[in-house]
Amino acid sequence: MIVLGIESSCDETGIALYHSEKGLLSHVLHSQVELHAEYGGVVPELASRDHIRYLVPLMEQVLQRAGVKQADIGGVAYTAGPGLIGALMSGACVGRSLAWALDVPAIEVHHMEGHLLAPMLEQNPPVFPFVALLVSGGHTLLAHVTGVGQYELLGQSLDDAAGEAFDKTAKMLGLGYPGGPVLAKLAEKGEAGAYTFPRPMTDRPGLDFSFSGLKTFALNTWQDLLAECEGGVEKLEQGQADISRAFEEAVVDTLSIKCKRALKQTHCRRLVIAGGVGANQHLRQQLAKMVKKEGGELYYPRIEFCTDNGAMIAYVGCLRLLAGESKELSIDARARWPMDELSAIRV
Ligand code: KG4
Ligand code: ZN
């Protein structure tokens, strides 16, 4: 079965074709970064309109690249939540209508389940059970994964998601949008030990996170620096890099401490990182070191499948369609959609 996957939950339009036996056939992505850059963040209405503009041309591209005809599509999968409602509606309407026109089943995919299972698209996929660290712009959570749709929540962020904290801190430092990758790049120029940020909620048991205090810590440090060195551009630039480094180190350390705890608590050896912040090299390196020390294994998708993409949606859609799930003609995109509402399926 060939499944066409559509991702349009935020600021990226991703389309992919996944073959149940041959694997991923092709995938394309259109990023809206330039569109939102001048506003310093995602403008939901502009995002929806841009998805509408790109969905059909990208579908044509993905078919052409794979040498697949429209008539070969056996099912359509689209992200139905969580995300920006207008952006979700764009992909859901197009996806559901296409399935109707082709007379094939359609399936709604949970965006975070897509992220969580994205490492399955790689050569050496993790086997169940494993601990998953999901770190994106909207979510930060740790789950004990025992099968598809079997996600026991171990802990989550009580305020900002890790990606959100990266983005807000970057904005405060005047680094613009998208904040995460820009801040991470600048952090490379930062001096080790110039500042030490707290590791929130690591001094007590439990697997929940809190990142909003780090953002405030960064703001205060930045304001002190601004007051200290009026006119000293070079010092300010170095300070910006130093704060970026200290902030990144604090987030990475905190995530690593909680992942280690989660592995111990669940007696798991395998750790999976997924979601946009999983593209962070420093995080990957530190988790790899920690997992190796614990005698376990670390899995993550290639960088382009850490951030939003259509491949993960096509993959999850294919699994669920093969398990007999499908969506009737109504379209119900959801801005919020708790992961524990997902049904377990046998693969
Ligand atoms: O998974 P994703 O593409 O979209 C959501 O589902 O939210 O994640 C986007 C988030 C953004 O907050 C972005 O700043 C962050 O992932 N991100 C990074 C890096 N690349 C993307 N954060 C830190 N370091 C990176 N290299
Ligand atoms: Zn995402």
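Annotations
- Other-chain or far-sequence residues with amide H under 5 Å of Asp208's (modelled H): Gln156
- The order of Arg53, Arg334, Arg204 by accessible area, most exposed first and with a 1.4 Å probe, is Arg53, Arg204, Arg334.
- Residues in the stretch 145-160 that a label on Val127 would reach, taking backbone N under 19 Å of a point 7 Å out along Cα→Cβ: 145-150
- Each principal axis of the Cα cloud of the stretch 32-177 was evaluated for its coordinate range; sorted largest first, these ranges are 48, 43, 26 Å.
- Long-range Cα-Cα pairs in the stretch 157-304 (distance over 21 Å), rounded percent: 44 percent
- Summed side-chain charge close to Gly206 - residues other than Gly206 whose Cβ falls under 12 Å, Lys, Arg +1, Asp, Glu -1: +1
- Among the protein heavy atoms, those of Tyr39 account for about 120 Å² of accessible surface (1.4 Å probe, every chain in place).
- Potential extension, Arg53-Ala323 segment - 0.36 nm per residue separation minus Cα distance: 93.9 nm
- The heavy atoms of Leu342 present about 30 square angstrom of accessible area, all protein chains included, probe 1.4 Å.
- Whole-Å distance, taken between Cα centres, linking the stretch 177-224 and the stretch 245-308: 17 Å
- Phi angles of the stretch 277-286 translate, via the Karplus equation with coefficients 6.51, -1.76, 1.60 and θ = phi - 60°, into HN-Hα couplings of 5, x, 7, 5, 5, 5, 5, 4, 5, 5 Hz per residue; Gly and Pro are given as x.
- Among Cys268, Cys259, Cys318: highest mean-square fluctuation, GNM of the chain, C-alpha pairs under 10 Å: Cys268
- For the chain, the antiparallel share of DSSP beta bridges with both residues in that region comes to about 60%.
- Proportion of all alpha-carbon pairs of the chain beyond 28 Å (%): 43 percent
- Computed with a 1.4 Å probe on the full set of protein chains, the accessible area for Phe217 sits at about 80 Å².
- Overall dimensions of the stretch 241-313, expressed as equivalent-ellipsoid semi-axes from the Cα gyration tensor (√(5λ), whole Å, largest first), are 20, 19, 9.
- Taking a point 7 Å out from the Cα of Lys235 in the direction of its Cβ, none of the residues of the stretch 171-187 has a backbone N less than 17 Å from it.
- Put Arg302, Arg270, Arg320 in order of accessible area, highest first, and with a 1.4 Å probe you get Arg302, Arg270, Arg320.
- Residue-normalised accessible area of the chain, expressed per residue, 1.4 Å probe, Å²: 44 Å²
- The phi torsions of the stretch 12-25, fed into the Karplus equation with coefficients 6.51, -1.76 and 1.60 and a -60° offset, translate into couplings of 9, 9, x, 10, 8, 10, 10, 9, 4, 9, 8, x, 6, 8 Hz, rounded to whole numbers, with Gly and Pro shown as x.
- When all protein chains stay in place and ligands, DNA and RNA are ignored, the 1.4 Å accessible-area order of Glu45, Glu7, Glu164, Glu234, largest first, is Glu234, Glu45, Glu164, Glu7.
- The share of accessible area on the chain that comes from carbon and sulfur is 52 percent, using a 1.4 angstrom probe.
- Spatial offset of the stretch 108-171 relative to the stretch 310-347 amounts to 16 Å, using the alpha carbon center of each.
- Other residues lying with their Cβ under 11 Å from the Cβ of Ser9 contribute a combined charge of -3, Lys and Arg counting +1, Asp and Glu -1.
- Phi to ³J(HN,Hα) by Karplus 6.51 cos²θ - 1.76 cosθ + 1.60 over the stretch 170-181, Hz, x for Gly, Pro: 4, 5, 4, 7, x, 8, x, 10, x, x, x, x
- Cβ-derived FRET efficiency at R0 35 Å, Asp159 paired with Glu45, nearest 0.05: 0.85
- Computed over the stretch 7-46, the P(r) tail beyond 16 angstrom holds 48 percent of alpha carbon pairs.
- Two-site FRET efficiency, Gln70 against Thr196, from Cβ-Cβ distance with R₀ of 51 Å, rounded to 0.05: 0.35
The values are calculated or read from the model by the stated rules, or taken from the named source; none is laboratory data. Since this is a predicted model, take the numbers as computed values, not measurements. Virtual Cβ from ideal backbone geometry, glycine too; neighbours counted across all protein chains shown. Note: accessible area is taken over every heavy atom of the protein model, side chains too, but ligands, DNA and RNA are not part of it. Shrake-Rupley method; radii C 1.70, N 1.55, O 1.52, S 1.80 Å.
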